[in-house]
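Single-structure report; data block below.
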Amino acid sequence: MIVLGIETSCDETAAALVEDGRRILSNVIASQIELHRLTGGVVPEVAAREHVIKLPHVIKRALKGAQKNVSDIDAIAVTRGPGLLSSLLIGANSAIALAAALRLPLIPVNHIVGHMYANWLTKRPPPQFPIVVLTASGGHSELIFWKGHGEYRFLGSTLDDAAGEAFDKVARLLKLPYPGGPSIERAAIGGNPMKYPLPRAWVTGWDFSFSGLKTAVLRLVQKTGKKASTKQFQRDCAASFQEAVCEVLATKLVNAAVQFHAQEVHVAGGVSANARLRAWTKNLMDKAGLRTLRYSNDLKLCTDNAAMIASAGYFAYKGNPAKYKKTKIFECDPNLPIS
Ligand code: KG4
Ligand code: ZN
């Protein structure tokens, strides 16, 4: 079964063709990063206009890249939320129109669930449930107990800034370029993670909080004054900040995996590209006797893409084909919960 995935929830215009939920035939992403670099973040109106311009070409390129015609598509999956409403609407309306014209099943997908399926897009044997997964991106930091396809138990999320958002904001404080995650990771390479003892917010339960850490970096930058613009300060501060975020994320993730007797531990979303987060997680898993850690080695699958949406759509369809038989119009939800 070939599913066309469409993703426009934030600042990537993406389309992909995926076969049977696991084999990527094409995965096209038109990034708006250069555009949003000018403003140091995403301006929703600008992002939506860019989706309108780019989406038709991106879909055509996805078909061409897979060497398929529209007649080869068996279903269309599209992000319904969470995300920026004006951006979501472009992908959703395009998908609704395409599915109606081609008389294909239309599968609305939760963006966070989409990220979770990025780890299914490999040639490795399929993941084994139950899984505890951390999805950490620019808009979200969620900890989820994943019992089976369509069976999620939400454990916790951030009470304020998302992990990726914290990376982006701290990068701005350190005058490092947007997006902040990769800039901080690069700067941290030459830095000392122990140099500045930044706070770890051990919020009770499975929730996270990063705003206090961000404020602590702001105070440190202010206190350092002129020296804050030196390369060495940037490196040490980036490394110390990265260490604080990764320690908390990895500790809660592995503790949840132990408590819920998970077979596997997964990390997904833009922040899962971070090598220090992966190392922290692996190290804690080794101590806890947990073996299987999955993340994607393909950076295109860590950040927003449509292959993950197609994969999530495929498994949702397989679980209940009748539900998706007729094209149904649905409403996008910028705050769509995982259910
Ligand atoms: O999943 P994603 O592409 O978009 C959202 O749904 O938000 O994630 C983008 C976020 C950005 O905040 C970016 O700074 C962060 O992921 N990110 C990283 C890294 N690469 C991207 N954070 C930490 N380390 C990285 N290497
Ligand atoms: Zn995302």
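Which residue, of I107, I96, I131, is at pLDDT 95 or above, closer than 17 Å to K318 by Cα, of a type in the set (A, V, I, L, M) and more than 16 Å from ligand 2 (Cβ to nearest atom)?
Going through I107, I96, I131 in turn, the sole match is I107.
Being in contact with a Phe, Trp or Tyr (Cβ under 6 Å, 6 or more places away or on another chain), closer than 14 Å to M308 by Cβ and within 16 Å of ligand 1 (Cβ to nearest atom) is the filter here; which residues of the range 1-39 pass it?
none
Here are some conditions: (1) within 12 Å of ligand 1 (Cβ to nearest atom); (2) modelled with pLDDT of 95 or more. T303 meets all but one. Which one does it not meet?
Answer for T303: the failing condition is (2).
Any chance the range 239-251 includes a residue that's in contact with a strand residue (DSSP E or B) (Cβ under 7 Å, 6 or more places away or on another chain) and surrounded by 22 or more Cβ atoms within 10 Å (Cβ to Cβ)?
yes
Between a residue in the range 136-159 that is modelled with pLDDT of 95 or more and any residue that is among the acidic types (D, E) and open to solvent by 40 Å² or more (accessible area, probe 1.4 Å), which pairs come within a Cβ distance under 6 Å, given they are 6 or more apart or on different chains?
Taking only residues 6 or more apart or on different chains, the pairs are G156/D207; L159/D207.
One line per residue, one yes/no per condition, for (1) among the acidic types (D, E); (2) touching a residue at least 40 places away in the same chain (Cβ under 8 Å):
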position: F167; (1), (2): no, yes
position: P177; (1), (2): no, yes
position: E185; (1), (2): yes, yes
position: A201; (1), (2): no, yes
position: F210; (1), (2): no, yes
position: L218; (1), (2): no, yes
position: T230; (1), (2): no, no
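The values are calculated or read from the model by the stated rules, or taken from the named source; none is laboratory data. The model shown is predicted, which means the values in this text are computed figures rather than measured ones. All Cβ positions, even for glycine, are placed from backbone atoms using ideal geometry, and neighbour counts span all protein chains on display. Protein only, heavy atoms only, side chains kept; ligands, DNA and RNA dropped before computing areas. Shrake-Rupley method; radii C 1.70, N 1.55, O 1.52, S 1.80 Å.
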